1. Could you give the length gained by full extension between residue 164 and residue 265, i.e. 0.36 nm per residue of separation minus their alpha carbon distance, to one decimal place?
2. Just by accessible area at a 1.4 angstrom probe, what is the order of 291, 188 from largest to smallest?
3. Is there a pair in 56/197; 124/190; 195/227; 208/281; 86/197 whose C-alpha atoms are over 18 Å apart, and which pairs would that be?
4. Counting only the heavy atoms of the protein chains, how much of residue 277 is accessible to a 1.4 Å probe, in Å² to the nearest 10?
5. To the nearest 10 square angstrom, what accessible area does residue 278 show with a 1.4 Å probe?
6. Go ahead and run the numbers for FRET between residue 67 and residue 208, Cβ-Cβ distance against an R0 of 22 Å, rounding to 0.05.
7. In whole percent, how big is the carbon plus sulfur part of the accessible area of the range 255-299, probe 1.4 Å, protein atoms only?
8. Using a 1.4 Å probe on the protein heavy atoms only, what accessible surface does residue 205 show? Give it in Å² to the nearest 10.
Amino acid sequence: KQWYQRRVPITAGDMKLIVILMGVLVVGAYAGPVVSEVDSVAISWEDVKNAYSKLKAMSVEFVCSAKLHELLDILGVPDELDGAVKLAQSIICGERALQLQGDAEGELQAIADLFQKVKEYYNKMKLYTKDFVCSAKLHDLMDLLGVPDQLDGAVRLAQNYFCKEEEVPVGVGNALSEVEFIADFWERVKGYYAKLKQYTSDFVCSAKLHELLDLLGVPDDLDGAVKMAQSWLCKNEELEKRSLRQTREGYTEALINCILELNKHSEHYVCHEAAHDDLRKLCDTSDFVVRMSRGTICN
C-alpha cells in the first residue's frame, strides 16, 4: 500500500525478496510458522533491505540461531527497527528452509533413479556369464553396456550384487532378485515421501511409525519404506549439521561407496543396531548416509 501511494518503483532485487518471502509463507503453512509476527510499528522496505544485505554477509547458521536482540546489537540498529531485522532474518531462514526442502527431494529422486539404473544394468549383465562379469574391469563393463562416465557408480553396484548373488540361498520363493527388490523399495520410499509431504512436518516427525502406516494405509511388511520416507522429511537437521555441503552427485557417490563397503559383511552384522558406530567408521561418511545405506540393505 505504501509503495502504491508513494509511487516507489520496485527493483529486481525487491521482486526477488518478495518472491522469497512468498515462498517462506508457503513453507510456513506446511512446516509451521516461519515468519514471526512483525511489531505494529511501521517499518520501511529500505530498512528491511538494509538489514537483509548485512545479515546475508554472515553465516546462515548464526543468523537463524541468533536472538533478535543479538542481531540488533551486531547491526547497531535501534530497538524501534526490530521489526525490519526480524523480517530480514525470517526471509534468510526461509530461503534456507526452501533450499533444504529442495535438497531432500532432489537427493531422494537421485537415489531412486540410481537404483533404477542399477536394476537396468544388472539385468543386462545377466546376458553374460558370471565369470566374465565378475572378472571384468569397470571401464570394460561401462563400454559394453554403453554407460556414461557419471553413472559408473550404478555399474559398480550392479556388478557387486550380480557377483555376490551366488551367496544368496536358492529357493526362497521370491521371483525378484535382491537388486530388483532394492529398486522397488526406493520407488516406494519416493511415493510415501510425496504423500507425507501433504502433512505438516511437526506432525510427520513426531508421529509413531504405526500411526503413519495407518494414515497411509500401508501394510506392516512395508514399514521400512515408510520409516525411510519419514527420515527424509525430517532430515533437515542432519543436513544443517554437515560441515561440507555435498552436491547431489557427491551424496549418491557416498551412498554407493558405503553400500559397497557394507556388502563385504554379513547382513546379520550390518543390520544389528549395535554395529552402527563401527559401520560409520568403515564408511567414513555422515551418520545419515550410513543409516540410508543400512536401510537399503536391511529393509
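1. On the way: separation 101, 0.36 × 101 = 36.36 nm, distance 1.14 nm.
Gain in length upon complete extension: 35.2 nm.
2. Values: 291 90, 188 110 Å².
From most exposed to least exposed: 188, 291.
3. Working: 56/197 29 Å; 124/190 25 Å; 195/227 13 Å; 208/281 30 Å; 86/197 28 Å.
Long pairs (Cα-Cα over 18 Å): 56/197; 124/190; 208/281; 86/197.
4. Residue 277 exposes around 110 Å² with every protein chain in place.
5. Here the accessible area works out near 80 Å².
6. Working: r = 33 Å, r/R0 = 1.52.
Efficiency, from the Cβ-Cβ distance: 0.05.
7. Values: 1020 of 2240 Å².
Carbon-and-sulfur percentage of accessible area, whole number: 46.
8. Ignoring ligands and nucleic acids, residue 205 comes out at about 60 Å².
The values are calculated or read from the model by the stated rules, or taken from the named source; none is laboratory data. Quantities reported herein were computed from a predicted structural model and do not represent experimental measurements. No Cβ is skipped: glycine too gets one built from the backbone with ideal geometry, and neighbour counts run over all protein chains shown. Please note that ligands, DNA and RNA were not included when accessible areas were found on the heavy atoms of the full protein model with its side chains. Shrake-Rupley method; radii C 1.70, N 1.55, O 1.52, S 1.80 Å.
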